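One structure is given below, encoded as structure tokens.
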């Protein structure tokens with residue numbers, strides 16, 4: 001009696017399909033694991049700072065600095081008064097999301113797009129923002145300075161445009177158009193730095209500022 005060869009062939013085909021599927025899945029997972037391991041092993045770094053310089057008042061200079069290196073975050077406040085007294089407030093390296101969260105907020109507020117502004121408004125205090133990022137082997141940095149962020153957020157000055165006409169060699173200065181240059185993002189970024197940190201960190205910063213103002 002002759003046996004039907006179809007069932008064994010179907011069985012063998014099924015076994016082969018399962019084996020090939022397992023092999024492809026294992027290969028895919030191995031590649032994905034290797035890629036994930038490379039990303040995890042790749043160093044990442046975030047550095048952000050706000051420096052405030054004052055021409056008058058008891059506190060001459062202040063610096064807020066926040067860093068994150070491969071998941072370990074540090075924070076620092078450093079200031080000096082007119083008498084040369086320097087105070088530092090440090091948060092030691094720890095695993096936290098505070099610094100990456102601040103970084104994301106600053107990016108959404110346009111920290112990479114903002115540029116240095118000419119002195120306007122209250123020019124007795126100047127602000128310098130610096131940012132650096134390293135991720136997946138790529139890095140970038142940006143720095144810009146400005147005065148009176150509230151001025152830029154509410155007033156901003158004017159930019160004038162002169163329209164030249166070849167038939168009128170002398171432009172009519174009474175018909176110049178102007179654009180108001182209001183830019184609230186400068187104030188948002190300063191506020192983000194000043195509001196950063198835990199209640200304990202901000203309390204220590206406030207205590208340091210009080211001591212610098214008193215000079216003791």
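The values are calculated or read from the model by the stated rules, or taken from the named source; none is laboratory data. No experiment lies behind these values; they were computed from the predicted model shown. Glycine also receives a Cβ, built like all others from the backbone with ideal geometry; neighbour counts cover every protein chain displayed.
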Inset, instruction - Take residue 54 and decide whether it is closer than 15 Å to residue 192 by Cα and touching a residue at least 60 places away in the same chain (Cβ under 8 Å). - result: no
Inset, instruction - Kindly check whether there is at least one residue in the range 173-190 that is farther than 30 Å from residue 98 by Cβ and either in the same structural domain as residue 120 (by TED's automatic domain parsing) or modelled with pLDDT of 60 or more (or both). - result: yes
Inset, instruction - Among the residues of the range 93-115, write down those that are in contact with a helix residue (DSSP H, G or I) (Cβ under 7 Å, 6 or more places away or on another chain) and under 12 Å from residue 196 (Cα atoms). - result: 102, 105, 106
Inset, instruction - Provide a single number: the residues in the range 87-122 that are loosely packed, with under 13 Cβ neighbours inside 10 Å, more than 13 Å from the chain's Cα centre (by Cα) and not in a loop (DSSP other than H, G, I, E, B). - result: 4
Inset, instruction - State which residue pairs qualify: first residue assigned by TED's automatic domain parsing to the domain that holds residue 90 and inside the range 194-209, second residue part of a helix (DSSP H, G or I) in any location, beta carbons under 6 Å apart, and separation of 6 or more residues or different chains. - result: 196/102
Legend entry - Residue, nearest to residue 185 (Cα to Cα), within the range 125-152, restricted to residues that are under 11 Å from the mean Cα position of the chain (by Cα) and surrounded by 19 or more Cβ atoms within 10 Å (Cβ to Cβ): 129
